[in-house]
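Below you'll find the structure, written out as structure tokens, and then a few comments.
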Amino acid sequence: MTNDILVFAEQRNDVVHPAALQLVMPAKALAATTGGKVVACLIGDKLDNAMAAVEKTGVDRIIAVSAPQLGLYSAVRYRTALATAIANVEPRIVLLAATFMGRDLAPRVAVKTQAALATDVVELTISGDGALDVRRPVYNGKAFCHVSFPEDRLAIASVRPNTFSAPAGGSGAARAALAYTPGPGDDRINVQEIARSAGAVKDVTEADIIVSGGRALKSEDNFKILYELAQELDAAVGASRAACDAGYQPHSRQVGLTGKTVTPRLYIACGISGAIQHLAGMRGSKVIVAINTDKEAPIFKLADYGIVADVFKVVPALTAEVQRLKG
Amino acid sequence: MKILVLVRQVPDSTTTIKIRPDAKDIERTGVKMVVNPFDEFAIEQAVLLREKRPDVQSVTALIVGPATAAEALRTALAVGADDGMHLQDDAFTALDELQMAALIAAVVQGGGYDLILLGKQEIDLDSGQLGPALAEALDWPHVGATVKLEFAADGKSFVARRRIEGAEEVVQLALPAVVTADKGLCEMRYPSLPNLMKAKKKPVKVVKAADVPGLAEAVGRVGGTALHTFQPPPARPAGKLIAGEPDQAAKELVRLLREEAKAI
Ligand SMILES: Cc1cc2nc3c(=O)[nH]c(=O)nc-3n(C[C@H](O)[C@H](O)[C@H](O)COP(=O)(O)OP(=O)(O)OC[C@H]3O[C@@H](n4cnc5c(N)ncnc54)[C@H](O)[C@@H]3O)c2cc1C
């Protein structure tokens, strides 16, 4: 085992996931303690642009595992490829982003490499005995917990998106290529296609800003006012379960316990009461705004800024003001 | 086709979480325990397959937990699982998620199962590790966060859709396989009182650590993390209520978001 930190730089279509670039900051901090290097691993088919983006974060070394069969994500092929990189680098710690891919891949890789794993972590330190110690949300964000790792085993952690920012200005990383040798079971998952769910509209998990609507919107048509504000803010539109169950928005936009967990820079809750199961999906947002006619609505307890008023009056006014300032 | 569905028992999602004074765990007395919501989708999917496909021989529900976990197992049986397996031993309480996967793999191996269904995540520890880790421990393929599952006519393979950023992956797999369920796959039917009574008569096999050959080796190969200190979430600073007419309030909010919060 070396003292290196390996970062899995997840990409699709030669574009690195922003959450993967955010791994470099904690990786550098850990490497400063262990005395190792930060090595990024990319897996895919065409990786030139992705490698250039990773290089800018200032990693020491980049390893590419590229093959035509790796063009689309497959849990078993990517597991084999990442395990190959781990065997090559022999890192002390591996970091992935807790994205859809990272959540799916990390447990497989951890079992394959006989490692220990913690998912969705928000803090990483090396404890007195030299082992990794992390902090992660539990009980849908209603508590946090420290998790210690055993000292004698590879430690793998997936990091919650938007917890750290991506460093810039790096260059000159050493590059190496590793061959992908298919394992015996690697062809058992056949990825047929990636189907975009809602046209070109941004998904809640991809956006820095989310404008979210609840039952108060009363119809799919009325969600238009949220889409107009979202357009001005380059935001995604989310919804409460009540709004999705009523058919105002597809379930892919649902935020919450049984919907998606989001951690944007700004979350604007419009006509959402703030039920505990909704909070479970968005309480990690940096800044929270609530617009609700009921000043007792629980969402105001969490909100940084609140307006007690009708969404149908406030939201268009917000759109107009943002438009006016853009000129 | 033999189906195994994994059930976990978790605090109800409305539970107020209090940390114990020693910070080693949460307060557990008086906490209402329910079937993990994502596992509910998996249970329903298993039962739907059993009802629709003549080639489905059986649905077995498996739970790991103390005696009180039997209640969650009974829900699965009332909804339509044929029999249950309850892995119940003090030795299991210290296992982390990867070790839990190793335990279940050791129990399931050689059981002749073709499809294992479970929720994509457990809403207590929110780790989401079990499904993919179990698949790897069994050396099976898996699909995570599945929102749609369609079997081929011969019942040997299926096409699944799984949720990713702003899109769905469409994947094809042959059995045996592990499938983890996301919201949208299906909603669990309500376990009726008569069915809950009938469920009491369905066979449940209790499995102890001593019944699992090679357990120590399997569990010793992976994991070993320990939860050691719990804390409440960081307090958010008190929010600001912006007064005034909607137009004025909107202007003020935009100003604060730009100048104070620097969020837009
Ligand atoms: C197991 C489980 C899982 C769940 N998962 C989720 C989940 O993932 N996501 C989720 O969101 N919910 C989830 N729920 C449901 C949750 O409990 C709530 O029912 C839901 O979040 C309520 O949605 P809402 O806030 O839109 O509706 P309501 O609670 O009805 O709130 C509507 C709000 O709009 C306000 N309002 C009305 N008119 C106006 C107006 N003109 N202008 C401004 N404000 C107005 C009202 O004052 C009210 O506060 C789950 C529940 C369970 C049991």
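Taken over the range B:185-230, the alpha-carbon convex hull comes to 239 cubic angstrom per residue. Relative to the longest principal Cα axis of chain B, at what angle does helix B:37-52 sit, 0 to 90 degrees, rounded to 10? Between helix and principal axis, roughly 40 degrees.
The mean number of partner chain beta-carbon atoms within 10 angstrom of a residue's beta-carbon across peptide B:239-245 is 6. Eigenvalues of the alpha-carbon gyration tensor of chain A, scaled by 5 and square-rooted, set the equivalent ellipsoid semi-axes at 38, 21, 18 angstrom, largest first.
Adding -39500 (n - 2.57) for every DSSP H run of four residues or longer, then dividing by how many residues the protein assembly as shown holds, sets the calculated 222 nm ellipticity at -8000 deg cm²/dmol.
Three principal axis extents of the range B:1-150 based on alpha-carbon atoms, in descending order, are 53, 29, 28 Å. Over the range A:81-148, all Cα pairs binned in 5 Å intervals from 0 give whole-percent P(r) values of 4, 14, 24, 25, 21, 9, 3, 1, listed from short to long. Using the Cα gyration tensor of the range B:109-229, with a ≥ b ≥ c the square roots of its eigenvalues, what is the shape: rounded (a/c below 1.5), prolate (a/b larger than b/c) or oblate (neither)? Rounded shape, in that the Cα axes give a/c under 1.5.
In the context of the full set of protein chains, residues of the range A:204-326 present 37 Å² of accessible surface per residue (probe radius 1.4 Å, heavy atoms only). Under a Gaussian network description of chain B, with springs only between Cα atoms under 10 Å, the residue in B:116, B:17, B:63 that fluctuates furthest is B:17. Between 0 and 90 degrees, the angle of helix A:311-326 with respect to the longest Cα principal axis of chain A falls at about 60 degrees. Of the residues B:68, B:15, the one with the largest accessible area comes first in the ranking B:68, B:15, computed with a 1.4 Å probe on protein heavy atoms. What total accessible surface area, summed over both chains, is buried at the interface between chains A and B, computed with a 1.4 Å probe and given in Å² to the nearest 100? It comes to approximately 7300 Å² buried between A and B. With contacts taken as Cα pairs under 8 Å and at least 6 residues apart, chain A reaches a relative contact order of 14 percent. Find the percent of Cα-Cα distances in the range A:5-178 that exceed 24 Å, and round it to a whole number. Summing the P(r) tail past 24 Å for the range A:5-178 gives 28 percent. Which is farthest toward the positive dipole end of the protein assembly as shown among A:80, A:113, A:238, measuring Cα position about the Cα centre, with Cβ charges +1 (Lys, Arg) and -1 (Asp, Glu)? Value: A:238. Measure nothing fancy, just the Cα-based angle from helix A:75-89's long axis to the longest principal axis of chain A, in degrees from 0 to 90, nearest 10. On a 0 to 90 degree scale, this one is about 50.
Averaged over peptide B:209-222, the number of partner chain Cβ atoms lying within 10 Å of each residue's Cβ comes to 1. Net charge dipole, the protein assembly as shown: roughly 600 debye, given to the nearest 20, about the Cα centre with Cβ charges of +1 for Lys and Arg and -1 for Asp and Glu.
What percentage of the solvent-accessible surface of chain B, computed with a 1.4 Å probe over protein heavy atoms, is contributed by carbon and sulfur atoms?
On the way: 6100 of 11310 Å².
Solvent-exposed carbon and sulfur of chain B make up 54 percent of the total.
One Cα centroid belongs to the range A:212-278, the other to the range B:218-259; the line between them spans 17 Å.
Under the rule a/c < 1.5 gives rounded, and otherwise a/b versus b/c splits prolate from oblate, where does the range A:204-326 land using the Cα gyration tensor? Since a/c stays below 1.5, the shape of the range A:204-326 is classed as rounded. Taking Cα centre as origin and charging only the Cβ of basic (Lys, Arg, +1) and acidic (Asp, Glu, -1) residues, the dipole magnitude of chain B rounds to 520 debye.
In terms of solvent-accessible area of protein heavy atoms at a 1.4 angstrom probe, what is the ranking of B:196, B:138, highest value first? Before the final figure, lay out the partial values.
Numbers: B:196 50, B:138 15 Å².
Descending order: B:196, B:138.
When +1 charges are put on Lys and Arg Cβ atoms and -1 charges on Asp and Glu Cβ atoms, the dipole computed for the range A:204-326 relative to its Cα centre reaches about 200 debye. GNM on chain B, alpha-carbon springs under 10 angstrom: the most fluctuating residue among B:110, B:119, B:65 is B:110.
In Å, what Kirkwood hydrodynamic radius results for chain B from the alpha-carbon pair distances?
Numbers: mean 1/r = 0.0487 Å⁻¹.
After inverting the pairwise mean of 1/r, the radius is 20.5 Å.
When only Cα pairs below 8 angstrom with a gap of at least 6 residues are kept, chain B shows a relative contact order of 24 percent. Given A:275, A:126, A:164, which one lies farthest toward the positive end of the charge dipole of the protein assembly as shown, if we put +1 on the Cβ of every Lys and Arg and -1 on the Cβ of every Asp and Glu? Looking along the dipole axis, the top candidate is A:275. For the range A:5-178, the relative contact order comes to 29 percent (Cα pairs under 8 Å, sequence separation of at least 6). Take the Cα of residue B:95, step 7 Å toward its Cβ, do the same at residue B:192, and the gap between the two points is 3.6 nm. Among B:254-264, A:159-169, A:100-110, A:56-66, sorting by the average number of other beta carbon atoms lying within 10 angstrom of each residue, highest first, gives A:100-110, A:56-66, A:159-169, B:254-264. In chain B, a dipole from Cβ-located charges (positive for Lys and Arg, negative for Asp and Glu) runs towards its positive end, and of B:231, B:47, B:194 it is B:194 whose Cα lies farthest in that direction. Summing Lys and Arg as +1 and Asp and Glu as -1 over all other residues whose Cβ lies under 13 Å from the Cβ of residue B:155 gives a net charge of +1. When the Gaussian network model of chain B links Cα atoms closer than 10 Å, the mean-square fluctuations of B:173, B:193, B:130 top out at B:193. The equivalent ellipsoid of the protein assembly as shown has semi-axes of 36, 31, 24 Å, largest first, where each one is the square root of 5 times an eigenvalue of the Cα gyration tensor.
Summing Lys and Arg as +1 and Asp and Glu as -1 over all other residues whose Cβ lies under 14 Å from the Cβ of residue A:7 gives a net charge of +1.
The values are calculated or read from the model by the stated rules, or taken from the named source; none is laboratory data. Computed from a predicted model, the values in this text were never measured in an experiment. Please note: Cβ atoms are built from the backbone with ideal geometry, for glycine as well, and neighbour counts cover all protein chains shown. Note: accessible area is taken over every heavy atom of the protein model, side chains too, but ligands, DNA and RNA are not part of it. Shrake-Rupley method; radii C 1.70, N 1.55, O 1.52, S 1.80 Å.
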